[in-house]
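Comments concern the structure below.
The values are calculated or read from the model by the stated rules, or taken from the named source; none is laboratory data. Quick caveat, the model's predicted, so the values are computed rather than measured. Neighbour counts run over all protein chains shown; Cβ positions are idealised from the backbone, glycine included. Keep in mind that these areas ignore ligands, DNA and RNA; they rest on the heavy atoms of the full protein, side chains included. Shrake-Rupley method; radii C 1.70, N 1.55, O 1.52, S 1.80 Å.
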Amino acid sequence: MRKRVLTLFLALAMCFGLAVPAFAADEPPTSGTCGENLTWALKNGILTINGSGTMMEIGAINPPPWYESVDSITSIQIGNGVTSIGENAFEGCYEVTSVTIPNSVTNIGGYAFCGCGMTSVTIPNNVTSIGPGAFSNCTGLTSVTIPNNVAGIDGKTFLGCTGLTNITIGKGVTIIGQYALGNCTGLTSVTIPGSVTDIGGGAFSGCTRLTSVTIGDGVTHIWEGAFFDCTGLTNVTIPSNVTEIGEEAFEGCDNLTIHGKAGSYAERYAKENNIPFVAIGSSDPTPAPAFTDTPAWCAKEAQWAVEQGITNGAGGATTFAPTLECTHDQILTFLWRAEGKPAAAKAPVTAASYYQDAIDWAYEKGFIDNSFQPSAPCTRAQAVWYIWKALGEPNASKAAAFTDVDAGADYAAAVSWAVEKGVTKGYGGEDTFAPDRVCGRGEIVCFLHRAYT
């Protein structure tokens, strides 16, 4: 009815020469609600979301309320209290250069940031699930860390992230989904942790610059086309636990040589597909050297550390030197090796060449800064703090009760986690931790063994 009245008014106005008023087009909204207890506002290109709880269901039928303004959004700031980011929430926000995700978020929906233009994103440690395609086609994204609490990298999560050069996969991830990192043409190396059992179809397909892949011993299935057209891949070691490799898993890797245990499925697959195979020994692992100076409390742990390539003996083939003071550069090198020797940019902190790669990694992860002293001895508090940081700052259910650990100390949360995890206990008494006591090599490998097994 309103349209009829308006049309009639305009017609009469034209007939009688009346002045026709100008009607302004409706402006897109700049604020509103986006969940039962969530509000949003857009100002000067900054989209802020505040409140508590989950975001509204978003999809093709029900687009996000800021849909008409996606081209003007340059920054997304999600307030603490938001627990879930909806599917497709920010898809197509191509002009976005920065994203803030708070620690309260536990779920990131499918295609939530698809196509966004940010170069980096910090996924909080409390996130447990990331939906398919969540960061797909974020071509400017260069580095990402998957927290340890995430159980799987879903299909197409980082598909088409052509600028991605570094990804750290958390030790809770068990599955890498289909095309999870497909066409990440900037990726040169990847370490798949031992927690992963399945590498999905096409997971790394089209990663043409990928030259180094470390496959954890937990992997049992490598599905169809997992490394299809990874033309730069020349050597890959396939664990003896692998019982199935899909068709065209390594199709297009024309210069590839497969390494594996003699008699393993890897050898059978290589022969069936005319891929050169190099046996790396029998099915029995090579035993670590028998140290003559490791007491019972650290003997097993020292053997484990050597078998895992985390450290070697000291002073001779049969000596480990368990009481020798461990320096900061040494423990960071142990941790770097335990994490799979991830690559990192050169840090403005110099250490001996033997440790420099580990120091670069520690600096990039924020463990150290320019005041770092590599040869200083490492204390108990510093050791558990480093390990806690490397594992993604996991939460403890309660604070540890030690009289010599101040609740406000920067290492207090790490101590609480270490005690709850069984990494270490008090020292010198049930109610004392001895945070300033310097650690020996034996104590450090015990910490690492309990944290990583």
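As a summary of the residue check, Ser375 satisfies the conditions (1) out of contact with any Phe, Trp or Tyr (no Cβ under 9 Å at 6 or more places or on another chain); (2) within 24 Å of Ala409 (Cα to Cα); (3) open to solvent by less than 30 Å² (accessible area, probe 1.4 Å) except for the one numbered (3).
Total residues in segment 354-364 satisfying the condition of being open to solvent by 70 Å² or more (accessible area, probe 1.4 Å) and in a loop (DSSP other than H, G, I, E, B): the figure is 1. Residues in segment 67-76 that are surrounded by fewer than 22 Cβ atoms within 10 Å (Cβ to Cβ) and closer than 14 Å to Ala112 by Cα: Tyr67, Val70. Considering only residues in segment 410-448 that are β-branched (Val, Ile, Thr) and open to solvent by less than 40 Å² (accessible area, probe 1.4 Å), the one that is farthest from Arg337 (Cα to Cα) turns out to be Thr432. If the condition is being at pLDDT below 95, farther than 21 Å from Thr83 by Cβ, within 17 Å of the chain's Cα centre (by Cα) and in a loop (DSSP other than H, G, I, E, B), then segment 96-139 contributes Met118, Thr119.
In a residue-by-residue description of segment 286-297, the property of being at pLDDT 85 or above and not in a loop (DSSP other than H, G, I, E, B) applies to at least one position. Tell me, yes or no, whether segment 398-409 has at least one residue that is surrounded by 17 or more Cβ atoms within 10 Å (Cβ to Cβ), closer than 18 Å to Ala338 by Cα and aliphatic (A, V, I, L, M). No: zero hits.
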